[in-house]
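The values are calculated or read from the model by the stated rules, or taken from the named source; none is laboratory data. Since we're looking at a predicted model, the values are computed, not measured. Positions of Cβ are generated from backbone atoms using ideal geometry, with glycine treated the same way; all protein chains shown enter the neighbour counts. Protein only, heavy atoms only, side chains kept; ligands, DNA and RNA dropped before computing areas. Shrake-Rupley method; radii C 1.70, N 1.55, O 1.52, S 1.80 Å.
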Amino acid sequence: MNEHVFYGILIPFLGTSLGAACVFFMKKTLKEQVQRALTGFAAGVMVAASIWSLLIPAIEQSDSMGRWAFLPAAIGFWIGTLFLLLLDHIIPHLHQNSETAEGPASRLQKTTMMILAVTLHNIPEGMAVGVVYAGYLLGHSEITVAGAMALSLGIAIQNFPEGAIISLPLRAEGMKRSKAFVGGVLSGIVEPIGAVFTILMANQIVPALPYLLSFAAGAMLYVVVEELIPEMSEGKHSNIGTLFFAVGFSVMMILDVALG
């Protein structure tokens, strides 16, 4: 694994860890409007990344199929969507600002299920980073190291507020600051693990790369629609989440096009 790939995989995890460190400097949980803004921003980044960094390269790599070039992207997209739907049903988890846990009945503590909720939607982000770097390592002209780094930076930017959004509520639930920080960090550890696993898988099954790219896109968009959009829209009507969705989308689009 070369230096670019090593650092590229760790950058998103660093974003989560820095966000979780906010628990040492902030006494209270984030205000509702701030949470909406950060959630909207994260959703915008993930949608833009799904399009420019994942789906478009997946279709471009299938050009040899002619008018059927969309097929690997469509198949991978649906497999990714259904995979996250399955995880949503088999892993007990509790979303931010929710009192009712999802998934099977469990005796897990509320704080544990909050960590699992964030971990669950970090899985496709880790796979997205991994599969893009796999494409770079395999020499696909559609994927450059700068483009892969753009995806890492974009996800790291939206991971920063995610780290805070998980560690601050854990602190509010009575957990010590150090343990709340560790909880936030652990919610992001699945990203580098997922990235390495995806790189290894792509190296073994080279023709599967378009399917893996679109798989990650389908999984990420499932998280956006099922979790992030409802969270940024709940409560009293406000346009703040929508505006920051546009900001996040623009930032990720600019990063990908300018650096890619």
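Checking the conditions here, which among 50, 64 is at pLDDT 85 or above, closer than 26 Å to residue 244 by Cβ, part of a helix (DSSP H, G or I) and not aliphatic (A, V, I, L, M)?
50
Given the condition assigned to a helix (DSSP H, G or I) and either of a type in the set (A, V, I, L, M, F, W, C) or at pLDDT below 85 (or both), answer yes or no: does some residue in the stretch 95-106 qualify?
No, because not a single residue in the stretch 95-106 is assigned to a helix (DSSP H, G or I) and either of a type in the set (A, V, I, L, M, F, W, C) or at pLDDT below 85 (or both).
Residues to consider are 152, 167; find the one that is under 14 Å from the mean Cα position of the chain (by Cα), part of a helix (DSSP H, G or I) and closer than 27 Å to residue 23 by Cβ.
152
Return the residue satisfying two criteria in turn: it lies in the stretch 144-177 and is β-branched (Val, Ile, Thr) and open to solvent by less than 10 Å² (accessible area, probe 1.4 Å), and of such residues it is farthest from residue 25 (Cα to Cα).
The selected residue is 155.
Among the listed residues 195, 180, identify the single one that is under 14 Å from the mean Cα position of the chain (by Cα), at pLDDT 85 or above and crowded, with 17+ Cβ neighbours inside 10 Å.
Result: 195 is the single residue among 195, 180 that is under 14 Å from the mean Cα position of the chain (by Cα), at pLDDT 85 or above and crowded, with 17+ Cβ neighbours inside 10 Å.
Would you pick out the residues in the stretch 192-238 that are among the hydroxyl-bearing types (Ser, Thr, Tyr) and in contact with a His (Cβ under 9 Å, 6 or more places away or on another chain)?
If the condition is that a residue be among the hydroxyl-bearing types (Ser, Thr, Tyr) and in contact with a His (Cβ under 9 Å, 6 or more places away or on another chain), then 222 is the only one that fits.
Quick grid of which residues meet (1) over 19 Å from residue 162 (Cβ atoms); (2) within 14 Å of the chain's Cα centre (by Cα):
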{"position": "201", "(1), (2)": "yes, no"}
{"position": "207", "(1), (2)": "yes, no"}
{"position": "211", "(1), (2)": "yes, no"}
{"position": "223", "(1), (2)": "no, yes"}
{"position": "232", "(1), (2)": "no, no"}
{"position": "236", "(1), (2)": "yes, no"}
{"position": "240", "(1), (2)": "no, no"}
{"position": "244", "(1), (2)": "no, no"}
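Looking at 117, 37 in this structure, which one is touching a Phe, Trp or Tyr at 6+ places or on another chain (Cβ under 8 Å), open to solvent by less than 60 Å² (accessible area, probe 1.4 Å), of a type in the set (A, V, I, L, M) and part of a helix (DSSP H, G or I)?
Result of the check over 117, 37: 37.
Does the stretch 233-242 include one or more residues that are of a type in the set (Lys, Arg) and either surrounded by 23 or more Cβ atoms within 10 Å (Cβ to Cβ) or outside any helix (DSSP H, G or I) (or both)?
yes
For the stretch 3-34, how many residues meet the condition of being open to solvent by less than 70 Å² (accessible area, probe 1.4 Å) and without any contact (Cβ under 8 Å) to a residue 40 or more places away in the chain?
Residues meeting the conditions: 1.
I'm checking my understanding of the structure. Among residues of the stretch 198-212 that are farther than 20 Å from residue 10 by Cβ and out of contact with any Gly (no Cβ under 8 Å at 6 or more places or on another chain), which one is modelled with the highest pLDDT?
By that ranking, first place goes to 208.
Which one of these is open to solvent by less than 10 Å² (accessible area, probe 1.4 Å) and either among the acidic types (Asp, Glu) or within 16 Å of residue 159 (Cα to Cα) (or both): 214, 187?
187
Specify which of the listed residues (172, 164, 148, 246) is in contact (Cβ under 8 Å) with a residue 12 or more places away in the chain and over 19 Å from residue 33 (Cα atoms).
148
Report, by residue number, each residue of the stretch 117-149 that is more than 10 Å from the chain's Cα centre (by Cα) and acidic (Asp, Glu).
Residue satisfying the conditions is 142 alone.
Taking the criterion of being acidic (Asp, Glu) and in contact with a strand residue (DSSP E or B) (Cβ under 7 Å, 6 or more places away or on another chain), would at least one residue in the stretch 63-83 satisfy it?
no
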